[in-house]
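Heads up: the structure comes next, in structure tokens.
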Amino acid sequence: MRADQRLEPQVIQQIREAIQDAGGNEVFLVGRSGEEGRISSVTVGARGTEEAVPVLGPHVEGGDAVIHNHPSGGVRPSNADLAVAARLGNQGIGFYIVDNDVEEIYVVAEPVETQETVPLDEEELAGGLAPGGALARVYPLYEERESQTRMLRQVARAFNRDEICAAEAGTGVGKSLAYLVPSVAWAVQNGERVVVSTNTINLQQQLMEKDIPLAKKVLGQDPKVVLVKGRGNYLCLHRLNEALDEMGLFEERDPELLSIREWARTTETGSRTDLSFYPSDEAWSRVCSEADTCLGLRCAHREGCFILKARREASSARILIANHHLLFADLALRLEGSGFDDPAVLPPFRRVIFDEAHNVEKAASSFFSQAASRFTILRHLNRLYRRRKGRVTGHLPALLRRTGRSAHARTLPTLVQAVADRAVELDRVLIEVLGEEPSFLLDRPGLSALRDRCGAEIGNLVISIRELADAGADLLESLESASAPGVAALAQDDGGAGLDAGAGLDARAEGVQLDCRLQLSRLSGIADMVDRFRLGEAGENDIFWMEKVRGARRGKSTEPGEQDDAPDSVRLVITPLDVGPLMREAVYGPLKTVVFTSATLTVAGDFSFWAGRIGLGRSASSAASDREPVLKTFPSPFDYREHVLLGVPTDAPAPDAPGHREFLASFLARSLTASRGGGLVLFTSYALLREMYTAVQPSMAAAGIRLMKQGDSDRARLLDSFRAERSSVLFATDSFWEGVDAPGDTLRMVIVTRLPFRVPSEPVLRARMTAIEERGGNPFGELSLPDAVVRMRQGFGRLMRRHDDSGVVLILDPRVVTKSYGSVFLESLPDARRVLAPATQVLQGVAQFFTKQ
């Protein structure tokens, strides 16, 4: 093609001069299109050699096409050209190649014309939720909700104006529909992908099964929606074959593994939820997909890879449903270099809804933490080298069979054993350091003391890992020059009872080599992380701490890579002190529309606590964006005064006072008998839960009330049993303070046994409280109290899920009325009828309430 068909004459001259200035070498230019579609202006971004030139991202931004020359005279694209063209093409940027005389041009990728954004019509969307509107026509249980319509308008404005906004929507507002209708409309009108992130599987199921189909009906549109799951939910064919090979090697028979193999032959999705049986966690952990073991392009099973199928599905969807952890995994990769215009864990997006947003800080803290323990080290070692029943398996033995180098054969198993031994030795000392404490904060004095106590053991482990990594790298380097027959020999050695045991031999051999390199790299990363504890390299935004964790019991073994029978290990953890900087860099800066929503974002009507914890305070947000966050509250339409009684026995002994436990057992038995069951009793301590369960069980059994407790079964089955039996009572802690949805007559009473303050010795909480104190703040008022209030609001919210629900909430901690801070709790709760009186009067009020129902 002639260059003048795509380039204006003055541009052709500019490019010629730029090439001449570069001595005839390659030049990278960014062009902008004129009215007729031809490039009307260019700027030089970089100059290179006769063979290559760097393509620099900052110059590309705002351009319509990238242009570079081939000094050789030909304009045929190289593989490197095609790779760059594909990446830029996904951003809508064209890719042109010209010769040095700028007479010929080859258009590798056409630029995509910028599409004008079509704003949402707030009035039209709101009309769909109004009486006589689309929702009323398609939803039999329709009722007008002013707060829902107001929230919908706010979310629509966030899309139209590229806003960051937080919407607290009380129970019953219908917040899902309030944000889904604008999200679906925006995706359809503008062809932009919208991500909806939640904290729980339950909400994801509700969105997919109920709310999204309803939003589509309201709009009369049907964009593709995909639920995106994390890797661990999918079967990895490569790992399944490895597990089957090992089973064959040891002449064992694992019924679960064989059942998974049969299922793998027919499943379309490879998703764990599609199995006809529920495999044990141990079995699934051996075959599920893991980032650490993914072979990518070199995997022999790439064509049938379930993760790739899921990603292809996601790439064609306009609405993605994900969880917070998966979303942060995506954002972390983008910050590490993937950018925001290419696929990472998720396809590219610029609009996101965070539902259950009160959990964002917790999710971000968890994801961006680094952790290592003896178990994680031994897990990586097991993939490299494992001796079991006198047989040796793993990547290193397979690779050693290829090289035949006796030096490596002698040293590598010894080095693996050294790492295992030193990991066990460090763990032993760390367990002694922790003593009876479940966890421990390592501030600067703490790190110094740790170094004095076990610096030598940490140093020995780090040295051993690095020696193994160096020796492994040497082995891998020697294999790079290995002949093709050697590769085939490795694959044959590694064959077994897999799905396609004879297929892709060379690819499998390369995969073993790549996975070996990955495991060594992960171990090196652990060594670097653990060594920071020895060196005391704590940054300003780092919390160093350790905790005791319980591991799976196995038979004792002294072989390399085998876990012994010790039930406990110690995990070393580095957690961000403040997730605000990460949120500003990963969310507020690059994304256009960011909507946070939850029923519990405020404390006494104020967003300051929650917003400040995630870097959304007005002063902080400007660091990454000139957009001020929009903070709005949309109250619940429920009539709490009519349907809910809040009772507080003012004469209850304080939690640390004599007689408290006796009072608690008596009051629980009497109140739950009055409600005839149907109770959720929330504790802050599992020890107290067990004690009260034992104390109350006889009276419950006598009254025909089934008493269940957290730990009797997994969470899902426990909740199913609770919902199925009207007279049942559930004692629970922690996660049951939120996410429990039991509308109707199943749940008639929620009892809070103690104000939900977190244990101040919890390392992350303690470190954050110390940071507040060091800057002159009030740790209790700024962190402990508002955090407890949000948890209390979540617990209270378990009771009333529908407009016709009713029941009683009891707070059995007198501090809510005797302490000055108690008013903050009461002011943050819905305006229910209240009985703040001695226990006898509260019980009378409870009995009268249920008599009238």
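The values are calculated or read from the model by the stated rules, or taken from the named source; none is laboratory data. Just so we're clear, the structure is a prediction, and the values are computed from it rather than from any experiment. Please note: Cβ atoms are built from the backbone with ideal geometry, for glycine as well, and neighbour counts cover all protein chains shown. Please note that ligands, DNA and RNA were not included when accessible areas were found on the heavy atoms of the full protein model with its side chains. Shrake-Rupley method; radii C 1.70, N 1.55, O 1.52, S 1.80 Å.
Here are the numbers for this structure:
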item: Single condition V194 does not satisfy, out of (1) closer than 30 Å to G63 by Cα; (2) over 33 Å from the mean Cα position of the chain (by Cα); result: (2)
item: Residue ID - nearest to the chain's Cα centre (by Cα), chosen from residues in the range 283-314 that are among the acidic types (D, E) and closer than 19 Å to L520 by Cβ; result: E290
item: Elements of type helices (runs of 4 or more DSSP H) in the range 73-186, at least 2 residues being in contact (Cβ under 8 Å) with a residue 40 or more places away in the chain and buried (at least 16 other Cβ atoms within 10 Å of the Cβ); result: 134-138, 146-160
item: Yes/no for D787 being within 19 Å of W737 (Cα to Cα), of a type in the set (D, E, K, R) and modelled with pLDDT of 95 or more; result: yes
item: Of residues in the range 766-780 being part of a helix (DSSP H, G or I) and among the charged types (D, E, K, R), the one least open to solvent (accessible area, probe 1.4 Å); result: R768
item: Selection count, the range 335-361, where residues are in contact with a helix residue (DSSP H, G or I) (Cβ under 7 Å, 6 or more places away or on another chain), modelled with pLDDT under 90 and part of a helix (DSSP H, G or I); result: 1
item: Pair list, Cβ under 6 Å, 6 or more apart: the range 726-750 residue at negative phi, other residue of a type in the set (G, A, S) and part of a strand (DSSP E or B); result: V729/G679; R748/G807; M749/G679; M749/G807
item: Helices (runs of 4 or more DSSP H) lying entirely in the range 781-843 (those with 3 or more residues that are under 34 Å from the mean Cα position of the chain (by Cα) and touching a residue at least 24 places away in the same chain (Cβ under 8 Å)); result: 785-796, 822-828
item: Test for K210: is it open to solvent by 20 Å² or more (accessible area, probe 1.4 Å) and in a helix (DSSP H, G or I); result: yes
item: Residue match in the range 619-636 (condition: within 28 Å of F722 (Cα to Cα) and of a type in the set (V, I, T)); result: no
item: Residue match in the range 465-474 (condition: part of a strand (DSSP E or B), modelled with pLDDT of 85 or more, of a type outside the set (D, E, K, R) and open to solvent by less than 50 Å² (accessible area, probe 1.4 Å)); result: no
item: Among (1) in a helix (DSSP H, G or I); (2) touching a strand residue (DSSP E or B) at 6+ places or on another chain (Cβ under 9 Å); (3) open to solvent by less than 70 Å² (accessible area, probe 1.4 Å), the one test that V750 misses; result: (1)
item: Which numbered condition Y278 fails, given (1) crowded, with 21+ Cβ neighbours inside 10 Å; (2) without any contact (Cβ under 8 Å) to a residue 12 or more places away in the chain; (3) aromatic (F, W, Y); result: (1)
item: Residue match in the range 637-645 (condition: farther than 21 Å from R793 by Cβ and among the aliphatic types (A, V, I, L, M)); result: no
item: Check on T684, assigned to a loop (DSSP other than H, G, I, E, B) and out of contact with any strand residue (DSSP E or B) (no Cβ under 6 Å at 6 or more places or on another chain); result: yes
item: Inter-residue pairs, beta-carbon under 7 Å, first in contact (Cβ under 8 Å) with a residue 60 or more places away in the chain and in the range 529-545, second among the small types (G, A, S) and assigned to a strand (DSSP E or B), 6+ apart; result: M529/A372; V530/A372; W545/S439
item: Hey, E432 open to solvent by 50 Å² or more (accessible area, probe 1.4 Å) and without any contact (Cβ under 8 Å) to a residue 40 or more places away in the chain or not; result: yes
item: Selection status of A344, open to solvent by less than 40 Å² (accessible area, probe 1.4 Å), free of Cβ contacts under 8 Å to residues at least 40 places away in the same chain and among the small types (G, A, S); result: yes
item: Those residues of the range 288-334 which are surrounded by fewer than 21 Cβ atoms within 10 Å (Cβ to Cβ), modelled with pLDDT under 90 and assigned to a loop (DSSP other than H, G, I, E, B), in sequence order; result: E290, C294
item: Candidate set: the range 529-551, residues that are out of contact with any helix residue (DSSP H, G or I) (no Cβ under 8 Å at 6 or more places or on another chain) and at pLDDT 95 or above; chosen: the one least open to solvent (accessible area, probe 1.4 Å); result: M529
item: Residue within the range 52-68 that is over 39 Å from the mean Cα position of the chain (by Cα), buried (at least 18 other Cβ atoms within 10 Å of the Cβ) and in a strand (DSSP E or B) present; result: yes
item: Complete set of residues in the range 246-287 that are among the charged types (D, E, K, R), farther than 22 Å from I201 by Cα and in a helix (DSSP H, G or I); result: E246, E256, R261, E262, R265, R286
item: Cβ pairs under 7 Å, 6+ apart, first in the range 212-227 and over 16 Å from N190 (Cβ atoms), second open to solvent by 50 Å² or more (accessible area, probe 1.4 Å) and assigned to a loop (DSSP other than H, G, I, E, B); result: L214/Y139; K216/D222
item: Among the candidates G230, G248, residue that is in contact with a helix residue (DSSP H, G or I) (Cβ under 8 Å, 6 or more places away or on another chain), surrounded by fewer than 21 Cβ atoms within 10 Å (Cβ to Cβ) and farther than 22 Å from L125 by Cα; result: G230
item: Unique residue being over 27 Å from D342 (Cα atoms), touching a helix residue (DSSP H, G or I) at 6+ places or on another chain (Cβ under 6 Å) and either modelled with pLDDT of 90 or more or not basic (K, R) (or both) when the list is N100, N25; result: N100
item: Scan of the range 552-582 for residues that are out of contact with any Lys or Arg (no Cβ under 8 Å at 6 or more places or on another chain), within 19 Å of L434 (Cα to Cα) and at pLDDT below 95, ordered by number; result: A566
item: Contacts under 8 angstrom Cβ, first residue in the range 34-45 being under 19 Å from V60 (Cβ atoms), partner among the hydrophobic types (A, V, I, L, M, F, W, C) and modelled with pLDDT under 90, 6 or more apart; result: G45/V55; G45/L56; G45/V60
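Here is a yes/no grid of residues against (1) open to solvent by 10 Å² or more (accessible area, probe 1.4 Å); (2) over 19 Å from V789 (Cα atoms); (3) at pLDDT below 95:
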{"position": "V595", "(1), (2), (3)": "no, yes, no"}
{"position": "T600", "(1), (2), (3)": "no, no, no"}
{"position": "T633", "(1), (2), (3)": "yes, no, no"}
{"position": "E662", "(1), (2), (3)": "yes, yes, no"}
{"position": "S666", "(1), (2), (3)": "yes, yes, no"}
{"position": "V681", "(1), (2), (3)": "no, no, no"}
{"position": "A687", "(1), (2), (3)": "yes, yes, yes"}
{"position": "V696", "(1), (2), (3)": "no, yes, no"}
